[in-house]
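Written out below as structure tokens is the structure these notes cover.
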Amino acid sequence: MLSGKPRLVVRPSLRHMTVQLVKTKPKGDQVLAAANSIELIKKYGWLSDCGNLPAAYLTGLLAGQRALSKGFKEAVLDTGLRTPSKGSRLFTALKGAIDAGLKIQHNKEILPDESRSHGEHIASYGKQLHSASPEIYQKRFAKYLARKLKPETLPEHFEKVKEKILKQTAEKPTSKGGKTVKKSAR
């Protein structure tokens, strides 16, 4: 890449998010740091879907934290072949990486507002559907309910998982000049 900066590669699928910090090398790309939304369930207690906006934000946050812990401070967004759409999962993951502390040039207008990245739109829809049609609510949110998560409480659950990510990545020791040191909380 001409800028010499690594790329923040964001790749959403229907069910998951992958965010990687990648450096272009002559013999092929090198992944410097990465996060996948399935980790949110396995390591951080995430109970919601892994392909929604809150999961995209948390995956970007986790990838950003990992990049910072390895000494990377800047990146360039790589959206691949996806058509950029304001507030999409692509830009929600970008917001997570920026909130982690990575410097990535962007237009603030493309980022989702805070309420959407925290899942308040899902909570609002769940609350509305629960009172209007409990049987459709049960069907639409069957996976949430099977995991013991009421969609109305998603923003609170999001905050708990976010804090857990920030706490665990802040406590993880990093090596500097042969000495092991603890990262300071941001």
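The values are calculated or read from the model by the stated rules, or taken from the named source; none is laboratory data. Here the structure is a predicted model, which means the values were calculated and not measured. Heads up, the Cβs are rebuilt from the backbone with ideal geometry, glycines too, and the neighbour counts pull from every protein chain shown. Heavy atoms of the whole protein, side chains included, go into the accessibility calculation; ligands, DNA and RNA do not. Shrake-Rupley method; radii C 1.70, N 1.55, O 1.52, S 1.80 Å.
Filtered by the rule that a residue be surrounded by 17 or more Cβ atoms within 10 Å (Cβ to Cβ) and not in a helix (DSSP H, G or I), the range 105-123 gives LEU111, PRO112, HIS118, GLY119.
Going by what's in this entry, would VAL22 be described as farther than 13 Å from THR92 by Cα and free of Cβ contacts under 8 Å to residues at least 12 places away in the same chain? It would help to see each step written out before you state the result.
Numbers: farther than 13 Å from THR92 by Cα: yes; free of Cβ contacts under 8 Å to residues at least 12 places away in the same chain: no.
In short, no.
Can we say LYS150 is open to solvent by 50 Å² or more (accessible area, probe 1.4 Å) and under 22 Å from SER3 (Cα atoms)?
Numbers: open to solvent by 50 Å² or more (accessible area, probe 1.4 Å): yes; under 22 Å from SER3 (Cα atoms): no.
Spelling it out, it is not the case that LYS150 is open to solvent by 50 Å² or more (accessible area, probe 1.4 Å) and under 22 Å from SER3 (Cα atoms).
Return the only residue of LYS150, LYS73, LYS108 being closer than 22 Å to VAL19 by Cβ, in contact (Cβ under 8 Å) with a residue 24 or more places away in the chain and of a type in the set (Lys, Arg). Break it down stepwise before answering.
Numbers: LYS150 fails: closer than 22 Å to VAL19 by Cβ; LYS108 fails: in contact (Cβ under 8 Å) with a residue 24 or more places away in the chain.
Unique residue meeting the criteria: LYS73.
Among the listed residues GLY96, GLY101, GLY126, which satisfies the condition of being open to solvent by less than 60 Å² (accessible area, probe 1.4 Å) and at positive phi? Sole residue among the options that is open to solvent by less than 60 Å² (accessible area, probe 1.4 Å) and at positive phi: GLY101. Looking at the structure I just gave you, is LYS143 under 30 Å from SER3 (Cα atoms), in a helix (DSSP H, G or I) and either in contact with a helix residue (DSSP H, G or I) (Cβ under 7 Å, 6 or more places away or on another chain) or open to solvent by 20 Å² or more (accessible area, probe 1.4 Å) (or both)? When the stated conditions are applied, LYS143 does not pass them. Of the set (1) within 17 Å of the chain's Cα centre (by Cα); (2) assigned to a helix (DSSP H, G or I), all apply to ALA75 but (2).
Return yes or no: is SER13 under 22 Å from PRO151 (Cα atoms), under 14 Å from the mean Cα position of the chain (by Cα), free of Cβ contacts under 8 Å to residues at least 60 places away in the same chain and surrounded by fewer than 22 Cβ atoms within 10 Å (Cβ to Cβ)?
Working: under 22 Å from PRO151 (Cα atoms): yes; under 14 Å from the mean Cα position of the chain (by Cα): yes; free of Cβ contacts under 8 Å to residues at least 60 places away in the same chain: yes; surrounded by fewer than 22 Cβ atoms within 10 Å (Cβ to Cβ): yes.
In short, yes.
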